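The structure appears right after this line, and notes come after that.
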Amino acid sequence: MSDLKSEITKRRTFAIISHPDAGKTTLTEKFLLYGKAINTAGSVKGKKTSKHAVSDWMEIEKQRGISVTSSVLQFNYDGFCINILDTPGHEDFSEDTYRTLMAADSAVMVIDGSKGVEKQTIKLFKVCVMRHIPIFTFINKMDREAKDPFDLIEDIENVLGIDTCPVNWPIGSGKAFKGVYERGTNSVTTFTATQNGQKQVAKDEIAWNEENHDELIEHMGVELYDKLTEDVELLDGASAEFDLKRIQGGDLTPVFFGSALTNFGVENFLKHFLDMTTSPLPRKSNKGIIDPFDKDFSAFVFKIQANMNKAHRDRIAFMRIVSGKFDAGMEVYHVQGKRKAKLSQPQQMMAEERHIVKEAYAGDIIGVFDPGIFSIGDTLTSSDEKFEFEGIPTFAPEHFARVRQVDTMKRKQFIKGINQIAQEGAIQIFQEFNTGMEEIIVGVVGVLQLDVLKFRLESEYNVEIRMDQLPYEYIRWVENADEVDLNSINGTSDMKKIKDLKDNPLLLFVNAWSPNMVQERNPELKMSEFGKA
Ligand code: G4P
């Protein structure tokens, strides 16, 4: 196999998603531990301290003790080269979180066994479904009192609308947690807690058969033994059959139970996951499908992060390599900029350190220095044929505010600052429908981004702003504005018409049911929840 082929074949690129506190960071850390990228647990994120080593670029993060940005980690395990795209886990996450999913080939969903599916998981999940991203579920914290496992899988099926296929099955939970039954090998993996999960654990397996009856009873007690006997039978009837095609198509999620904190079930999950996922997937472009094994380099920008180095006000453009190989200092064609660009200071993250990369392959994520030329969704290629990757959709903001500068003399800086921040994709800007730029309406996915905007305009552009939050929460893009006269549509009392900077009209609503009502009243109107890519 050629170098290019073998390098790409061994790559796996996935996003890890969860509701805050479900255990995403702990699980990621354990993956790194198995990959020997770190030596002890606790080094990726000591919540209030070392975590900032990863993204210590914005005061606001420090003030609030949260991570506003998402990062990428690369490590090797068992012959694979793994890229994990971390997503900010706090409530106030941003559009970046959604976009990160566009750069992944699969997603690992971490669920807290005592809580089941939570709000944040649902939102991210919808994006996975839209893109048919395969989802692997890890039900965590089984060493704590958990919900009944049948209720947990039913919850996933009902709330998320996807079939489940448990790969293993828990035996008790909390203090009575005795391990899991592995359906594939018909055996029981016993649970042994280690001190704070600092070290990898040796595990014991007992085959699930009559011969081992006494040993099994001794391990789990009669009650759990009887329950497991019943569960195993029920499971075959209650869950979908294992079907790799359906898993890879994003219709069926394999479910694993474990406890990231104590290392239980983590390596088993990683092994199955690597077995079931594919190497980097091709992507669509306006010139057809681009294959990862193409010898020409190509990539798309999915995230722009500003001001990592405050002294320089620089930006880093993160791109997912779709095909070929990247060499440091390479000159490529920037399709949207219509000119050649040298990709300088390419960086990758390894555990908590940023380092310069010399080469990278399809499936990898690199961050390059951006002098202000890249936008989200841009294509870069070394091919002679110029093509553009399918764009990244604009996700519906859920919070809106009217923004104006306090000092009217600073109009220019205000417009420049707000435009640059919008170009990075942290905010979306709109205008009143019938007037121009005098009043700017800002839309954000996570409400924290409004604070970030205020903070950055003041600290980077020296512009003080006034911000009045608006009550709207629902937005619809109008897809056929050339066919309908928006001034004469029959709206609801809570509806507001706005337009984006390209004069495309949009509708804002306060109430969740209003968009449907407007649709019913104006059947000719075509509305969409996602903006044009
Ligand atoms: P997140 O990234 O999804 O937000 O979650 P994180 O890993 O930070 O975990 C949230 C809390 O849950 C942490 O405790 C963590 O130690 C705990 N946790 C994670 N996995 C497990 C598990 O399998 N079992 C149990 N019992 N707890 C688990 P914390 O006290 O909030 O933080 P810390 O100070 O211990 O880091």
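Some values worked out for this structure:
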| item | result |
| --- | --- |
| Beta bridges by DSSP in segment 109-189, antiparallel share as percent, to the nearest 5 | 65 percent |
| Sites Arg521 and Asn434 - FRET efficiency at Förster radius 22 Å, r taken between beta-carbons, to 0.05 | 0.55 |
| Listed residue pairs exceeding 27 Å between alpha carbons, taken from Lys287/Lys325; Lys284/Lys340; Lys119/Lys287 | Lys119/Lys287 |
| Within-13-Å neighbourhood charge of Lys303 [Cβ basis; K, R +1; D, E -1] | -3 |
| GluC sites (Glu not before Pro) within segment 436-479, DSSP loop, no more than 10 other Cβ atoms inside 10 Å | Glu438 |
| Net charge over other residues, Cβ less than 12 angstrom from the Cβ of Phe389 (K, R count +1; D, E count -1) | +2 |
| Segment Asp482-Phe530, length gained on full extension (0.36 nm per residue, minus Cα span) | 15.5 nm |
| The chain - percent of accessible surface contributed by carbon and sulfur, probe 1.4 Å | 47 percent |
| Reachable aspartates and glutamates from Lys496, criterion Cα separation under 13 angstrom, eight or more residues apart if same chain | Glu432, Glu473 |
| Prolate/oblate/rounded call for the chain, Cα gyration tensor, a/c under 1.5 rounded | prolate |
| Residue-span extension gain [Val129 to Asp21] - 0.36 nm each, minus C-alpha spacing | 36.6 nm |
| Accessible area expressed per residue, the chain, with surrounding protein chains retained (probe 1.4 Å, Å²) | 44 Å² |
| Rounded FRET efficiency, nearest 0.05, which uses the C-beta distance separating Met276 from Ile356 and R0 of 25 Å | 0.15 |
| Check: segment 223-279 dipole with +1 on Lys, Arg Cβ and -1 on Asp, Glu Cβ, in debye | 400 debye |
| Cβ-based charge dipole, the chain, positive-most Cα from Val357, Leu124, Thr278 | Val357 |
| FRET efficiency estimate (nearest 0.05) - Cβ-Cβ, Ile122 to Gln413, R0 41 angstrom | 0.55 |
| Dipole axis of the chain (+1 Lys, Arg; -1 Asp, Glu on Cβ), positive-most option in Gly417, Ser488, Ser114 | Gly417 |
| Under 14 Å from Lys123, Cα to Cα: aspartates and glutamates that are on another chain or at least 8 residues apart | Glu91, Asp92, Glu95, Asp96, Glu398, Glu529 |
| If the convex hull is drawn through the Cα atoms of segment 93-198, its volume per residue in Å³ | 133 Å³ |
| All-pairs Cα distance distribution in segment 240-295, expressed in whole percent, bin size 10 Å | 19, 35, 29, 14, 3 |
| Gyration tensor verdict on segment 379-496 (Cα atoms; rounded if a/c is under 1.5, prolate if a/b is larger than b/c, oblate otherwise) | oblate |
| Anchor Lys338: aspartates and glutamates whose Cα lies under 16 Å away (excluding residues fewer than 8 positions away in-chain) | Asp370, Asp378, Asp384, Glu385, Glu388 |
| About the Cα centre, charge dipole magnitude for the chain (Lys/Arg +1, Asp/Glu -1 at Cβ), debye | 2520 debye |
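The values are calculated or read from the model by the stated rules, or taken from the named source; none is laboratory data. Nothing here was measured: the structure is a model prediction, and the numbers come from that model. With ideal geometry, Cβ positions are generated from the backbone for all residues, glycine too; neighbour counts draw on all protein chains shown. Heads up: the accessible areas ignore ligands, DNA and RNA and are worked out on the full protein's heavy atoms, side chains in. Shrake-Rupley method; radii C 1.70, N 1.55, O 1.52, S 1.80 Å.
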